[in-house]
1. Given the condition closer than 21 Å to LEU173 by Cβ and modelled with pLDDT under 90, answer yes or no: does some residue in the stretch 280-291 qualify?
2. Considering (1) assigned to a strand (DSSP E or B); (2) among the polar types (S, T, N, Q); (3) closer than 21 Å to GLU205 by Cα, say which one GLN285 fails and leave the rest.
3. Could you list all residues from the stretch 137-158 that are crowded, with 18+ Cβ neighbours inside 10 Å and either within 14 Å of the chain's Cα centre (by Cα) or not hydroxyl-bearing (Ser, Thr, Tyr) (or both)?
4. Taking the conditions exactly as written (in contact with a Phe, Trp or Tyr (Cβ under 7 Å, 6 or more places away or on another chain) and of a type in the set (Phe, Trp, Tyr)), does TRP44 satisfy them or not?
5. Could you count how many residues in the stretch 138-158 are part of a strand (DSSP E or B) and under 23 Å from LEU109 (Cα atoms)?
6. In the stretch 94-137, which strands (runs of 3 or more DSSP E) lie fully inside it and hold 2 or more residues that are polar (S, T, N, Q)?
7. Pick out the one residue from ARG76, ARG96 that is within 19 Å of LYS169 (Cβ to Cβ) and not aliphatic (A, V, I, L, M).
Amino acid sequence: MRILITILLIKFCACSLQAQNLIPNPSFEDTVQLNFDLTFPRDWNTPSGLGVEHYNPYTIQLWQVPRNFMGFQYARSGNAYIGLNIYSLNNSSARRIRDYIQTKIKRKLILDSTYCFQIYVSLADSIRYASKSQLGVYFSNSAIGSNSNYHLPYTPQIIVSPHVYIIDKEEWLRFDFEYTASGGEEYITLGNFNDTIGIDTLFVEGGDDPSYEATYYYIDDVFLGHCDSLPDTTIGLYENVLKSKLKLYPNPVGEQFYLEYSGQEQLQFQLYNLMGQKVEAAVQQEGNSYRFSSGHLPKGVYLLRIVGREGRAAFRLLRE
């Protein structure tokens with residue numbers, strides 16, 4: 001019996017070690033209080049002259065969750081996430097500005113070992129441009145840094161979404177990669193390592209105003225570890241189940257729009273503008289279809305949140 005217990009304990013410890021996420025504070029929940037009621041994620045730092053935005057319920061109103069000055073988004077998990085400025089189109093000087101965030105991983109990577117990297121990304125509501133092949137992940141043996149506000153001259157080993165523009169403002173998009181370590185890597189840095197040459201952007205309708213001529217992404221739930229121990233991805237599964245039973249049309253919307261539901265339960269609705277303010281819209285149920293009055297709404301982008309026993313879902317509406 002004693003031998004059996006010892007074997008089980010060893011097996012348990014080995015599995016626990018294997019399942020460990022090497023990224024400290026991966027969802028940015030643990031905070032450090034800064035001046036002026038601002039916060040920053042513990043165990044992370046900014047390797048350049050500019051800081052990133054830390055969105056959470058414990059900071060100033062502009063940087064709170066889910067409503068903040070860049071848009072309206074719930075955290076993928078927990079109550080916090082960060083924002084990275086990938087590229088700005090406002091002027092020649094702004095085009096060179098970059099945001100970066102860096103952390104020291106829990107232990108050095110082993111030569112020729114394969115690790116899985118996972119990250120969740122969402123485009124901020126106010127932003128008018130999406131990008132591809134810009135957000136990079138750089139592994140290094142030592143910390144990197146500069147007092148400059150401009151791009152850091154390093155070549156990232158991972159490029160997030162190299163071929164597809166990241167345009168989704170509703171959902172958190174998951175990106176998965178495998179990385180074979182050179183050995184000794186102990187730091188990871190996220191950001192856009194490109195200079196102004198070769199920046200690839202796409203105009204996205206629904207941005208707040210012309211001053212947001214930029215690409216800016218929310219980031220949450222960063223994982224680095226053994227590939228057989230990727231984290232549970234069922235968070236948000238219920239939202240996908242409910243949304244698969246819904247059909248909204250037309251979009252863009254005019255005087256009214258419709259939502260068809262293939263389920264049987266009663267649904268609850270909440271409609272928000274881009275400022276995160278709740279707005280009223282009359283709803284009339286006709287069997288499994290709901291008719292919304294939208295003629296009174298000013299032109300712009302709105303978020304319709306839907307809640308039921310099967311979970312929740314969201315649709316982004318354009319009122320023309």
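The values are calculated or read from the model by the stated rules, or taken from the named source; none is laboratory data. Computed from a prediction, not measured in an experiment: that's the story for all the values here. Counting neighbours? That spans all protein chains shown, and the Cβs are built from the backbone with ideal geometry, glycine included.
1. no
2. (3)
3. VAL137, PHE139, HIS151, LEU152, PRO156, GLN157, ILE158
4. Answer is no for this residue.
5. The total comes to 4.
6. 100-104, 114-123
7. After ruling out the rest, the residue left standing is ARG76.
Each row is one residue, and each column tells you yes or no for (1) modelled with pLDDT of 90 or more; (2) surrounded by 14 or more Cβ atoms within 10 Å (Cβ to Cβ).
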| residue | (1), (2) |
| --- | --- |
| SER211 | no, no |
| TYR216 | yes, yes |
| ASP220 | yes, yes |
| ILE235 | no, yes |
| LYS243 | no, yes |
| LEU248 | yes, yes |
